[in-house]
Structures are given as C-alpha cells and as structure tokens.
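Data first, discussion second: the structure below is written as structure tokens.
The values are calculated or read from the model by the stated rules, or taken from the named source; none is laboratory data. All figures in this text were calculated on a predicted structure; none of them were measured in a lab. Here the Cβ positions follow ideal geometry from the backbone for every residue, glycine too, while neighbour counts run over all protein chains shown. Accessible surface is based on the protein model in full, side chains and every heavy atom, while ligands, DNA and RNA are left aside. Shrake-Rupley method; radii C 1.70, N 1.55, O 1.52, S 1.80 Å.
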Amino acid sequence: MSTGKLIVITGPSGVGKGTIVRSLLASHSQLSLSISATTRKPRSGEIDGRDYYFVDRQKFEAMIDNDRLLEWAEYAGNYYGTPKDKVEETINLGKWILLEIELVGARAIKQIFPSSLRLFILPPSLTELERRLRSRGKDSEEVIIRRLARAKEEIAASQEFTHCITNDNLGKTIQEIEKLIFDCNI
Ligand code: ADP
Ligand code: 5GP
C-alpha cells in the first residue's frame, strides 16, 4: 500500500494560507483538506462543515476529552483542532491531506508525523501583512491587533519548518508549493 502524504501549511494570519489552499485544492484532485473544529464564530460567507466545524467550547472540550483531535491549540481567544478520523483514514488510504494550522499545532504534528512536509508561509513584510489582514475586512480591530502580535512569534519560529516560502506574488508562491509537494518523496 502506498503511504499518504501529510502536508502542513502554517503562517501568520492574513499571509494568504486560505487563498493558497483553495487554489491547490481547485487544481489538484489528489489533494484533500482536513476540516478543523473551532470555537470561533463563522465569518460572513463561511459554512459549517466546509470551512470549519463550528462548535461551542463545551463540545470542543468533549472532543479533547474523547481523544478525537490529533492536535489542538488556543489561538487569539479560540480553540482550533484537527479531527483525527479524516487524517488517519486519508493517510491509511495512501492519499494526500493538507492541514492549514497554526504554530503549536504544527509542532505537535512534527512529533506525530516526523516525515510530514511542513511549509511556513512568510509575508513580504509586516506592513504588507497588516495591509492584507485589514483589506480582507473580516476581523475587528481588536482581533487584528491580537493576530499581528501572534504573527511576530510565529515568524520567529519559521525556521522550524521544512521549507519557508514568501508569499509575494501569489502565482509564484503556488508554483513553488506545487513543486515542493509533487517533487517530495515522503
Ligand atoms: P490567511 O488564510 O493566511 O489568514 P487569506 O488567504 O485570508 O490569509 O488572505 C488574506 C488576504 O490577503 C486576502 O484578502 C487575500 O486575497 C490576500 N492575499 C493572499 N495572497 C496575496 C498575495 N500574494 N498578494 C496580495 N494579496 C494576497
Ligand atoms: P482563522 O480564525 O483565521 O480561520 O484561523 C486562525 C489560525 O488558526 C490560523 O493560523 C489557522 O491556520 C489556525 N488553525 C485552523 N485550524 C486549525 C487546527 O485545526 N489546529 C490548529 N492548531 N490551528 C488551526
């Protein structure tokens, strides 16, 4: 049986992870995405079961207690976690799965799946990151400030990842990631 690939995409909020992941999924049918559970409230346009499983804290804590999460973390006041079932099932089928998760979760995945491909997406600058976060227009000022503070901590840890990619030109970033994913032999 062939072994599945686990690909982790991490980077500060607003750097373009969601945009990159949507593009990869649209072009490559062999890739699937792990849908995370979160206690964050849905943003406008987000759909339960497609973007996240939106749950309350009690339900999330029950998922932790029942060992249903591969990893989880608290980020900017909310819980986020990767349901175990789909990742294990996909890997066991020899298929490829993408996890779009933050730093604490990426560190946990490194321990569980040391051979995973772990990509860190960097912004061209902190000014551009802030511009992107604001131009997305989905977060309050308080949330933007928390995310920018966390961004600095995350960027400082970028060297822990197997590869760092600066998302300046989106098309080039996607090409670079495609090369890493499809050329790698994990
Ligand atoms: P994340 O998922 O990392 O929080 P998003 O994918 O939501 O980030 O992107 C944040 C904003 O930045 C969006 O408005 C998106 O269209 C924009 N964006 C993404 N990549 C680029 C890029 N290379 N250049 C300019 N804007 C970008
Ligand atoms: P957002 O609220 O912008 O959708 O996500 C906030 C942060 O949580 C992002 O860095 C995103 O990658 C991360 N995240 C999303 N799902 C998970 C998850 O299942 N586990 C962890 N650890 N982080 C996640």
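Observations on the structure shown:
- Any chance TYR75 is at pLDDT below 95 and open to solvent by less than 30 Å² (accessible area, probe 1.4 Å): yes
- One residue from PHE120, PHE161, PHE182 being under 21 Å from VAL87 (Cβ atoms) and modelled with pLDDT under 95: PHE182
- Residue within region 54-74 that is in contact with a strand residue (DSSP E or B) (Cβ under 9 Å, 6 or more places away or on another chain) and touching a residue at least 40 places away in the same chain (Cβ under 8 Å) present: yes
- Condition check for ALA37: closer than 26 Å to LEU117 by Cβ, touching a Gly at 6+ places or on another chain (Cβ under 6 Å) and within 16 Å of ligand 1 (Cβ to nearest atom): no
- Criterion: among the charged types (D, E, K, R) and either under 12 Å from the mean Cα position of the chain (by Cα) or surrounded by 19 or more Cβ atoms within 10 Å (Cβ to Cβ) (or both) - qualifying residue of ARG50, ARG118, ARG68, ARG57: ARG118
- Looking across region 1-26, the residues that are open to solvent by 60 Å² or more (accessible area, probe 1.4 Å) and away from ligand 1 (no atom under 16 Å from the Cβ) come down to MET1, SER2, THR3.
- Filter pass, PRO124 being in contact (Cβ under 8 Å) with a residue 40 or more places away in the chain and either open to solvent by less than 10 Å² (accessible area, probe 1.4 Å) or part of a loop (DSSP other than H, G, I, E, B) (or both): yes
- Among the residues of region 78-115, the one identified as within 16 Å of ligand 1 (Cβ to nearest atom) and more than 12 Å from the chain's Cα centre (by Cα) is ASN78.
- In region 131-159, the residues that are closer than 24 Å to LYS110 by Cα and open to solvent by 70 Å² or more (accessible area, probe 1.4 Å): LYS152, GLU153, ALA156, GLN159
- Any hit, region 18-30, residues being of a type in the set (Lys, Arg) and at pLDDT 95 or above: yes
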